[in-house]
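In what follows, a structure is listed as structure tokens, so that the remarks can point back to it.
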Amino acid sequence: MKNLVTLLSGLMFGFGLLLSGMANPAKVQNFLDLFGTWDPSLAFVMGGAIAVTMPGFWLVTRRSKPFFNDVFHLPTRTDFDARLITGAAIFGVGWGLGGFCPGPAMTALPLAAEGTLIFVATMLTGMAASKYVLQRRDNHV
Amino acid sequence: METEFTPLLSLLGGGLIGASAVLLMATHGRIAGISGILSRMLPPTGKDQSLPQGLIFLIGLLLAAPIWIVINGQAPLQSVSNNLPLLALAGALVGFGSVWGNGCTSGHGVCGISRLSGRSIVATLTFMSTGFIAVLLLRHVFGG
């Protein structure tokens, strides 16, 4: 049951991306192209998502625990650090250059465009590299 | 190339993404942050209890397009650049940056903002800004 629900979550996420055209990098880059072929769609996607998630999260976290887990694994940090800003800045550049981010890239992967394949390959490598550097950095503290 | 502004489909698709995030929170108590889900599967891995469920979520994500093709009889509209070196660079930056910055558009942009997380609001504003600048440079300065 648990596995089925998790699978469904992933499917829903993917369908949401496909339905909204977010798995099409051209649509994403056009949102970011304020002075060119601007397409505001992405703002509506994010708006639609937050409109559901904000009340949804509030309701769901009222319970003492999730259905299939013992505790809620919610981020607790409230500080701002260089890592957050730097990471987001770097991420944003890549997002603008490629029009892909992790969710859409993985959703588009089965469509097997050459560009998608190479993006995913270097994305996963970049993730592993970041983990490695962070681990080494934090071990020296 | 131009793309069509699709307000209704965008809202619906976004709502579906939101529903997925709420479902994941209700069932597993976790943020639907794709960069986190993916990176936890990559080395160096520790004893992460979320790995099996993360993998199942990923499988669902990967099945969406094939099922879409079966339902619609054709692949979704897509326009991916064939500038492979550019996409290789973009991927590396997205991968590195998302892990370094503790999240991406789903983790910070959707889930974090929905939780009114100051960190996520700042992160989102930051990656939106550099995203805008990157496209400005790419399309209007370097003509890429």
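Shielding value for A:34-42 is 5, the average number of Cβ atoms from other chains within 10 Å of each residue's Cβ.
For chain A, the Kirkwood estimate of hydrodynamic radius, built from reciprocal distances between every pair of different alpha carbons, is 17.8 Å. Once the C-beta distance of A:Val133 and B:Thr45 is scaled by a Förster radius of 25 Å, the resulting FRET efficiency is 0.95 to the nearest 0.05. Applying D = kT/(6 pi eta Rh) to chain B, where Rh is the Kirkwood radius over alpha-carbon pairs, T corresponds to 4 °C and eta to 1.567 mPa s, the Stokes-Einstein value obtained is 74 µm²/s.
For the range B:76-144, applying the loop criterion from DSSP together with a ceiling of 10 other beta carbons within 10 Å to the chymotrypsin sites (Phe, Trp or Tyr not before Pro) yields B:Phe142. The residues of the range B:29-130 present an accessible area of 41 Å² per residue when probed at 1.4 Å with all protein chains retained. Once both labels are positioned 7 Å from their Cα atoms along Cα-to-Cβ, the gap between B:Ile121 and A:Val71 label points is 2.7 nm. Helical runs assigned H by DSSP (4 residues or longer) give the protein assembly as shown a calculated mean residue ellipticity at 222 nm of -21000 deg cm²/dmol, each run adding -39500 (n - 2.57) before division by the residue total. Measuring from a point 7 Å past the Cα of B:Leu55 along Cα-to-C-beta, which residues in the range A:1-27 have an amide N at less than 15 Å? Hits in the range A:1-27 for B:Leu55 at 15 Å: A:3-4, A:7. Compactness ratio for the protein assembly as shown: Cα radius of gyration over 2.2 N^0.38 Å (N = residue count) comes to 0.92.
Over all directions, the projected convex hull of the C-alpha atoms in the range A:25-84 averages 7.0 nm² in area.
With the simple spin-label model, which puts each label point 7 Å out from Cα in the Cβ direction, the A:His140 to B:Ile67 separation comes to 4.6 nm. Legend: calculated FRET efficiency, A:Leu34 to A:Lys2, from the Cβ-Cβ distance at R0 = 41 Å, rounded to 0.05, equals 0.40. Among the residues of A:132-138, the average count of other protein chain beta-carbon atoms within 10 Å of the residue beta-carbon is 2. When all protein chains stay in place and ligands, DNA and RNA are ignored, the 1.4 Å accessible-area order of B:Ile34, B:Ile69, A:Ile50, largest first, is B:Ile69, A:Ile50, B:Ile34. Among rounded, prolate and oblate, which fits the range B:56-135 when a ≥ b ≥ c are the square roots of the eigenvalues of its C-alpha gyration tensor, a/c under 1.5 means rounded, and a/b larger than b/c means prolate? Verdict is oblate for the range B:56-135.
The values are calculated or read from the model by the stated rules, or taken from the named source; none is laboratory data. Bear in mind that the values here come from a model prediction, so they are computed numbers and not experimental data. Quick reminder, even Gly has a Cβ in these numbers, built from the backbone with ideal geometry, and neighbours come from all protein chains shown. All accessible areas refer to the heavy atoms of the entire protein, side chains included, with ligands and DNA or RNA removed. Shrake-Rupley method; radii C 1.70, N 1.55, O 1.52, S 1.80 Å.
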